[in-house]
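Contents: one structure, followed by commentary.
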Amino acid sequence: QVQLVESGGGLVQPGGSLRLSCAASGFPFSINPMNWYRQAPGKGRELVAHITSAGGSTNYADSVKGRFTISRDNAKNTVYLQMNSLKDEDTAVYYCNVILSGLGWYWGQGTQVTVSS
């Protein structure tokens, strides 16, 4: 079955950095685009970053452009989110996501990122 397991969240001070990882299994990872979403307390889930199957193209929410970088290692079935210059408003649960044709949307369990001094 499809599994997405996020890791790397935690508590960080404003201006700090974190690197999230998402280990994927149960589907052909290398041919599927991947996404990172986040959900802050009291808000809806928003798309943070997207990467194509080979990693040649990426897209970001305006709020994280220039600070976050999505990447992937198809040999390790893992997608990453490098987060730099973190701000209080980046506090959220971060989710890994894949949309499989004919099957639907899949999510990991999420990893909490808290930015606070």
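The values are calculated or read from the model by the stated rules, or taken from the named source; none is laboratory data. As the structure is a computational prediction, the values presented were derived from the model and not from experiment. Reconstructed Cβ throughout: ideal geometry from the backbone, glycine too, with neighbour counts over all protein chains shown. Each accessible area value is taken on the protein alone, full model and side chains, heavy atoms only, with ligands, DNA and RNA left out. Shrake-Rupley method; radii C 1.70, N 1.55, O 1.52, S 1.80 Å.
Computed values, structure above
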item: Top-ranked residue of the range 33-46 - restricted to ones that are over 15 Å from T111 (Cα atoms) and open to solvent by 60 Å² or more (accessible area, probe 1.4 Å), ranked as nearest to the chain's Cα centre (by Cα); result: K43
item: Criterion violated by G8 - all others in (1) on the phi > 0 side of the Ramachandran plot; (2) open to solvent by 70 Å² or more (accessible area, probe 1.4 Å); (3) touching a residue at least 24 places away in the same chain (Cβ under 8 Å); (4) not charged (D, E, K, R) satisfied; result: (2)
item: Candidates L4, L20, L81 - the one that is touching a strand residue (DSSP E or B) at 6+ places or on another chain (Cβ under 8 Å) and farther than 12 Å from V113 by Cβ; result: L4
item: L86 being in contact (Cβ under 8 Å) with a residue 24 or more places away in the chain, surrounded by 16 or more Cβ atoms within 10 Å (Cβ to Cβ) and not acidic (D, E); result: yes
item: The one condition in (1) of a type in the set (K, R); (2) assigned to a loop (DSSP other than H, G, I, E, B); (3) surrounded by 12 or more Cβ atoms within 10 Å (Cβ to Cβ) that R72 fails to fulfil; result: (2)
